[in-house]
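Note sheet for the following structure.
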Amino acid sequence: MDCRKPFDLHLLLLLLLFAYSSNAIFKFTSCNGQQVTVGGCLRQERTALLAFKQGLVDPSARLSSWGGNNCCSWRGIECDNKTGNLEPYSMTTEQLDAYKLSCLGGQLNSSLLQLDHLTHLDLSLNDFEGLQIPEFLGEFKHLRYLNLSYASFAGLVPPHLGNLSTLHYLDIYADSGMEIENPSWLSGLSSLKHLNLGFVTIHSSDAKWLHAVNMIPSLLELYCHGCELQDMAVTLPFVNFSSLSVLDLSQNLFNSSFPEWLSTLTSLTRLDLSTNSFSGSIAVDFGKFESLEDLHLSLNNFSGPVPVTLGNLCYLRKLGLASGRFSGDISGLLNSFTGCQTVSLEMLNLNSNDLVGELPSIGNLSALEVLYLHSNKMNGSIPESFGRLSELRDLNLIANSWQGVITEAHLMKLTRLESLMLSSSSLVFKVDPQWIPPFRLDYLQLEDCTVGPPFSTWLQVQNRLTQVKLQNVGISDTIPKEWFSELSAEILVMDLSENQIRGELPEELVSPKLEMLDLSSNRFEGFLPRWSTNATQFYIHENSLSGPIPRDIGTLMPRLRNLHLSDNTLNGTIPLSICKMADLQVLSLRNNYLSGEIPSSMGLLRSLGMLLLSENNLVGEIPSSLQNCSALTSIDLGENQLSGEIPSWLAENLSATFVLRLRSNQFHGQIPEALCNLPLLHFLDLSHNNLSGGIPKCLDNLTAIVYGNSSELYYRDFQFRMAYFKEETKVVTKGRAYDYNRNLALLNVIDFSENNLSGPIPEEMTKLLSLRVLNLSSNHISGAIPEKIGDLKVLETLDLSHNQLSGEIPATLSSLTFLTHLIVSYNNFSGKIPAGRQLQTFDASSYQGNPFLCGFPSRVKCPTESITTTAPPTTGTEPEDEEDEIFELGTGLYVSIVLGFGFGFLGLCVTLLRKEFRKKDIEW
């Protein structure tokens, strides 16, 4: 008998794209259960498969066995009588990358329609390079399983798929741009049990997507994460898919309260609403969800206390409530789990909320593996019951206000602990220096607590670490050389910063995978070692290292993106090999004893964003090759002996510059007007040089100072770069030097002090509405203060001292309510100091050296004006006894004028002498 004719064949087609899997099969099953014989596939089906293969691109020849008559012997084809659903596939990132080279691609041939009884079709984990899902896939009348996920399909999902009324499983998870224009066709999938639309953009108004899904009563699993859904239909009148066990609506745009209809889905085992904008308190009796195992509500705006009814979920394994606005006492939730005879909770994530209170005893959470409580407002001591959590692997309690001590009792039974993160300034580790713990950590992060002063044995035995951060933990010991040599070769991050660790650095680092090394702010001494490493971030600033920078440092560390060697005592020249660090973004060598010129080859660093070479002994001109570093945003060459003119190409080629600091050098010539063409510049310091000429009138083109940080384009980019910048930069403001780090982006500064500038203050400067610091002192600037200077509403520091300014002080200055530092001394101002609380709160020295200036707070009284030795009352009323306060005209007036002129002339002489012998860091 010819077995090919009497049987109704059901063809199961699976093209699974797992690189190392051999279970991608075609299955041929006869209707009466008889086994199809070898070589028994129909010619029509064999021809269809070969035509399908012809349209595919198969770079790894995975379908090379598809030839001959025996279809059952082709790779990935099995002939048997077994049918049934298959589980969705998941792959790690490494597996996906490894398999990319063997992905199938090309076109999908409609010849597949000749497989009349196709029940399973899996084209997942391929690369069809933006091909639209073919419409003909909606014509398979017997299809029960369709998997198109991770196949790089794109464009509109054809509504023809809604014709697959027999489909049980549909997965079109998008790894490329896919869209559903109108989700109504989903209601046609009346037999569907599993639906995955992850990252498919669903255009839906009035919750059409939900109404369509609600027409599928057989649905058991629904995944719609990242679909850009907005309408949740909070008051859905009825729920038709009440047997749903999995609901994933994470990473959408919902902004309603907790949907009421969710309370009817009492068969749920997994609910994920994370990464939305749900708000309000959760008034839900979670005790109804007896089968719930996974609950994820993180990254929303839920508020109020955490529902204590969660403690009734005895089968709950994972609970994620992170990054919300939950408040109240943490003990309420943790104590609620005592009602279960056996608590199944394995993961509890409550980080980044407003939870308060002390931790109760949690020894009953015996299954707990992951506990995240970081970034809350909890306090008190950490209970010793932590020591009974023998399954605990990952513990993060940083950024709370813990107190008390950590002893061996807290740690002695944590045999499976892999990750430990703790911080608090009042927390002390008090363990025996020779104690050996039962765990070997992969990740250790202890910050701002007391672990030292010795480098204890329990730290030394942690030789499996991949990341270690012991920042500001009071270690004032030397690091045992054995610890460095015994560290895991897998270590990626080492941060021992802000301690008092002393001694010399080891000559070698063991890990070839090290990415970030931070030994900054310690007391390391000796020469900088010649470490050969693949690290991308290297921080060793604020130590006592001496000697030259290794000449071959660029060859030893070619992958560096951030190199911080500042605040040491390094000498010698800047090595030319630094220019071999092709990806270098931050180079900080400031505050050392480096000499010589800035290498011209530094122009090869096309990715360089921050160049910080201040406070050294560098000479010569700024190399013109730097104009090739178009990514530069911060240039600090201050406090050196650089000379020449300030090049105009700084503005012409480096238009992304935020910070330009050239103070305390020997630059001469005029301030280039080209600097006005730096729209992102917000920090300009050219002080303490020999610059001459006038102040450019075009400074109002500095739009970053005009509009401030509302220019989000430059602000976000600056903050991104500052994320890798761990040092401080000196900024002279309010009469003294301050250290600024990441908040440097909040300053808008112009400092031209201690030069030979002349001419007037340009009126255009009053348009710099976000200017906070303006220092023009110790120049030869003349004319009057612009009347509109009162428009600089956020100005905090104004220093115009030691110039030749004249006229009256504008009354508009009194409206600058943020002004905390004002000096207009040693000029030729005249008239009365304007009335107003702001200007009269400054010391009299702010106005001295102006012989024709009178009124409070100066000691020179104005004619017919009353004056007191204290600020006038805020009510503006005059003193009752004017007779004692009025200054009489006559001899006293003339004497004061003569004396004032004399003292003013003497002050001018003193100013000239001071400028002649000034020290570079003196601020008047």
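Nothing in this text is a laboratory measurement; each read-out follows from the coordinates by a stated rule. What you see is a predicted model, and the numbers here were worked out from it, not measured in a lab. Neighbour counts are summed over all protein chains in view; Cβ atoms, including those assigned to glycine, are modelled from backbone coordinates with ideal geometry.
Here are the numbers for the structure shown:
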read-out: Cα centroid separation - the range 775-792 against the range 217-288, whole Å; value: 63
read-out: Rounded FRET efficiency, nearest 0.05, which uses the C-beta distance separating Ala367 from Lys481 and R0 of 41 Å; value: 0.50
read-out: Dipole magnitude of the range 516-666, debye to nearest 20 (Cβ charges: Lys/Arg +1, Asp/Glu -1, about Cα centre); value: 360
read-out: Cα-projected label distance for Ser381 with Ser291, points at 7 Å along beta-carbon direction, nm; value: 4.6
read-out: The range 651-663 - phi-based ³J(HN,Hα) in whole Hz, Karplus 6.51/-1.76/1.60, Gly and Pro as x; value: 8, 6, 10, 10, 5, 8, 5, 9, 10, 10, 10, 10, 4
read-out: Convex hull volume per residue for the range 408-546, taking Cα atoms only, in Å³; value: 95
read-out: Neighbour-limited loop hits for chymotrypsin sites (Phe, Trp or Tyr not before Pro), the range 197-269 (at most 11 other Cβ within 10 Å; DSSP other than H, G, I, E, B); value: Phe238
read-out: Per-residue ³J(HN,Hα) for the range 336-353, Karplus 6.51 cos²θ - 1.76 cosθ + 1.60, θ = phi - 60°, Hz, x for Gly and Pro; value: 5, 6, 5, x, 8, 5, 10, 8, 8, 4, 10, 9, 10, 10, 10, 5, 6, 10
read-out: Likely footprinting exposure, Trp649, Trp74, fewest C-beta neighbours within 10 Å first; value: Trp649, Trp74
read-out: Gain in span if fully extended, Ser655 to Ala844, counting 0.36 nm per residue against the direct Cα distance; value: 63.8 nm
read-out: Charge tally in the Cβ shell below 15 Å around Gln627, where Lys, Arg are +1 and Asp, Glu are -1, Gln627 excluded; value: -2
read-out: Likely footprinting exposure, Tyr443, Tyr145, fewest C-beta neighbours within 10 Å first; value: Tyr443, Tyr145
read-out: Ratio of Rg to Rh over the range 256-356 (Cα coordinates, Kirkwood Rh, two decimals); value: 0.92
read-out: Karplus-derived HN-Hα couplings along the range 271-281 (A = 6.51, B = -1.76, C = 1.60, θ = phi - 60°), whole Hz, x at Gly and Pro; value: 10, 10, 10, 5, 6, 9, 10, 4, 9, x, 7
read-out: Lys, Arg +1 and Asp, Glu -1 on Cβ, resulting dipole of the range 619-700 about Cα centre, debye, nearest 20; value: 60
read-out: Out-of-range pairs (alpha-carbon distance over 28 Å; input Lys318/Lys377; Lys377/Lys481; Lys430/Lys469; Lys318/Lys513); value: Lys377/Lys481; Lys318/Lys513
read-out: Amide hydrogen neighbours beyond the local backbone of Ser257, cut-off 5 Å, H modeled; value: Ser279
read-out: Estimated FRET transfer efficiency (His142, Asn571; beta-carbon r; R0 60 Å; 0.05); value: 0.15
read-out: Å³ per residue enclosed by the Cα convex hull of the range 347-473; value: 90
read-out: Amide proton proximity set for Gly669, modelled H, under 5 Å, gap of 5+; value: Ser692
read-out: Exposure proxy ranking, count of Cβ atoms within 10 Å, fewest first, for Thr536, Thr657; value: Thr536, Thr657
read-out: Amide H contacts under 5 Å for Val306, placed H, 5+ residues apart; value: Ser327
read-out: Calculated FRET efficiency for the pair Gln670/Ser782, C-beta based, R₀ 22 Å, to 0.05; value: 0.85
